[in-house]
Structures are given as structure tokens and as C-alpha cells.
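Below: one structure, written as C-alpha cells.
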Amino acid sequence: MSTVFGQIIEGKLPCKKVFENERILAFHDIAPQAPVHVLIVPKKLIPNLAGASDEDEAVLGECLTVARKIAQQLGIQNSYRVITNSGKESGQLVYHIHFHLLGGRPLGALG
Ligand code: AMP
């Protein structure tokens, strides 16, 4: 069954789009944890990092390149965090892999 991100990728749910190409869609998080909080999502349904395979290496790497470019575009290129949650105890809620790009405020140490 399609996740909420699958429905956004299919155009069935709206999003505030920041970037799109054939492989990746990036949009603002609906409940931002920082002044900049963008989600970078491969269009291919990969549930999380644990569920990825070696053939996903290129698109996962491209997600980081996209994150760098969006950080520049949104003016947070000097300091930002990119994270991905994998599994229930990491806090993962949506089982379609995504990278959070966070910035625009001091983020503190990871706890
Ligand atoms: P995670 O806990 O890593 O799975 O992150 C899921 C993220 O998706 C959370 O930060 C949510 O706020 C965000 N989210 C959930 N639904 C939507 C939506 N419709 N549009 C944008 N972001 C969403």
C-alpha cells in the first residue's frame, strides 16, 4: 500500500515542492522542526535505509547532492543537518525512505 509520500509523488496529495527530477521529489515538511525543514524523497519506494539494496546507491547519493543544493538555495549552506530514520525505534513514521534537511537555527548535539 502506498504511503503518504507515495501519494504525494503520485500527485494525489499536495505538497510544497522545493525540487523535482525523474528520480527525486523534495518538499517542505508539514510539521517543521526548524525554520528550514525539507524532506528529500526518492520516487522509488524504498522503505528505509535497512530496506535499501546496493542498486539504490546512486539515488541515495543523489539525495545528498540534492540536499546540498537545496541548502544553498534556501541560504543555510553554512550549517545544516541531514538525517534519515530507519526503523521504529529511530522515530521513523513514514516507511518510504526520506532525508530530513534541517537548518536555520542552532540544532544542538544529537541525543
Ligand atoms: P519520519 O519520522 O522520519 O518518518 O518523518 C516523517 C516526516 O514526515 C515527519 O517530519 C512529518 O512531519 C512529515 N510528514 C508527514 N506527512 C506529511 C505531509 N503530508 N507533507 C509533508 N510532510 C509530512
Item to complete: Select from the range 28-44 the residues that are part of a strand (DSSP E or B), away from the ligand (no atom under 11 Å from the Cβ) and closer than 17 Å to Ala58 by Cβ and list them in ascending order.
Response: Ile40, Pro42
Fill in: Where Asn48 falls short, out of the listed (1) surrounded by 16 or more Cβ atoms within 10 Å (Cβ to Cβ); (2) among the polar types (S, T, N, Q); (3) farther than 23 Å from Phe19 by Cα
(3)
Fill in: Filtered residues of the range 9-27 (kept if open to solvent by 70 Å² or more (accessible area, probe 1.4 Å) and within 14 Å of the ligand (Cβ to nearest atom))
Glu10, Lys12, Pro14, Lys16, Lys17
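If a residue has to be without any contact (Cβ under 8 Å) to a residue 40 or more places away in the chain and buried (at least 21 other Cβ atoms within 10 Å of the Cβ) to count, how many in the range 90-111 make the cut? Steps first, please.
Going through the range 90-111, the residues without any contact (Cβ under 8 Å) to a residue 40 or more places away in the chain turn out to be 90-91, 93, 106, 108-111.
Those left that are additionally buried (at least 21 other Cβ atoms within 10 Å of the Cβ): none.
Qualifying residue count, the range 90-111: 0.
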Worksheet item: Do we find a residue being surrounded by 12 or more Cβ atoms within 10 Å (Cβ to Cβ), closer than 20 Å to Ser2 by Cβ and in contact with a Pro (Cβ under 8 Å, 6 or more places away or on another chain) anywhere in the range 63-81?
Response: yes
Worksheet item: Name the pairs whose Cβ atoms lie under 9 Å apart, with the first residue in the range 65-79 and outside any helix (DSSP H, G or I), the second among the β-branched types (Val, Ile, Thr), and 6 or more positions between them or separate chains?
Response: Leu74/Val18; Leu74/Val36; Leu74/Val38; Gly75/Val36; Ile76/Val36; Ile76/Ile70
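The values are calculated or read from the model by the stated rules, or taken from the named source; none is laboratory data. As the structure is a computational prediction, the values presented were derived from the model and not from experiment. Neighbour counts run over all protein chains shown; Cβ positions are idealised from the backbone, glycine included. Please note that ligands, DNA and RNA were not included when accessible areas were found on the heavy atoms of the full protein model with its side chains. Shrake-Rupley method; radii C 1.70, N 1.55, O 1.52, S 1.80 Å.
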